[in-house]
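The values are calculated or read from the model by the stated rules, or taken from the named source; none is laboratory data. Values in this document were obtained by computation on a predicted structure and should not be read as measured data. All Cβ positions, even for glycine, are placed from backbone atoms using ideal geometry, and neighbour counts span all protein chains on display. Just the protein is used for accessible areas: all its heavy atoms, side chains included, with ligands, DNA and RNA removed. Shrake-Rupley method; radii C 1.70, N 1.55, O 1.52, S 1.80 Å.
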Amino acid sequence: VRARREVDARGAWTGVRALEGIVESPVLRADGTLLTSPGYDASTGLLYEPNAKFKRVRPTPTKQHALKATEMLLEVVKDFPFASEAGRSAWLAGVLTAFARPAFSGPAPMIAFDANTPGTGKGLLADTVSLIIEGRSVPPTPQGESEAEERKQITAAAMAGTRLVLFDNLTRPLG
């Protein structure tokens, strides 16, 4: 712990590139371009180590390309019993926020999935975001037994740089 504090206190290290995080799928950069080349990206400080083969993305997509991509994303959840279009839009916003997260500073919204009855697939719906963004499932995290425990869980995930966290089967408000 002491060594980590000393390294953190040092700040910048001459000749050592800053590492902001590691990503395994293409992400949006702050300038609106895509990070698609494996390796270290100096403009974002991200190390891109792809975990799958991704199709080439057009450098200048049109509105038609964006509409087609939206259609393809929504195809993934076409059989999910959303109560309204707002729910479908919230799911899509969750996917796009996770994809664009490296492009903006500050907080990102939490996306909540709820249903009137158990067994509707809320966990699977949430997991589709991780499957699309990271290429693998996100393990569910049970709600902490107290607010103090929840703070520890959230702080630990933030310090670890965890991109996505799934708090499953909440029995009281989170946070």
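Observations
- Surface exposure of the chain, expressed per residue as accessible area with a 1.4 Å probe, stands at 71 Å².
- Comparing mean-square fluctuations of G144, G45, G15 from a GNM of the chain with C-alpha springs under 10 Å, the top value falls on G15.
- Between L47 and L96, the modelled label-to-label distance comes to 3.2 nm, taking each label 7 Å out from Cα in the direction of the beta carbon.
- Mean separation of Cα contacts under 8 Å (6+ apart) over length of the chain, as relative contact order %: 18 percent
- Region 90-141 and region 1-27: distance between their alpha carbon centers, rounded to Å: 27 Å
- Annotation: E85 carries an accessible surface of approximately 110 Å², with a 1.4 Å probe and no ligand, DNA or RNA atoms counted.
- Percent of alpha-carbon pairs separated by more than 14 Å within region 54-103: 63 percent
- Volume in Å³ per residue [convex hull over Cα atoms, computed for the chain]: 153 Å³
- Comparing mean-square fluctuations of T33, T44, T14 from a GNM of the chain with C-alpha springs under 10 Å, the top value falls on T14.
- Each of E75 and A157 was given a label point 7 Å from its Cα along the Cα-to-Cβ line. The distance between the two points is 3.0 nm.
- The chain - mean residue ellipticity at 222 nm from DSSP helices (-39,500 (n - 2.57) per run, n ≥ 4, rounded to 500): -12000 deg cm²/dmol
- Placing pseudo-labels 7 Å out from each Cα toward the beta carbon at F82 and T120 gives an inter-label distance of 1.3 nm.
- GluC sites (Glu not before Pro) lying in DSSP loop within region 122-175, provided at most 13 other Cβ fall within 10 Å: E145
- Over all distinct Cα-Cα pairs of region 136-175, the Kirkwood formula returns a hydrodynamic radius of 10.6 Å.
- Sum of side-chain charges, A103 neighbourhood, beta-carbon under 11 Å (Lys, Arg +1; Asp, Glu -1): +1
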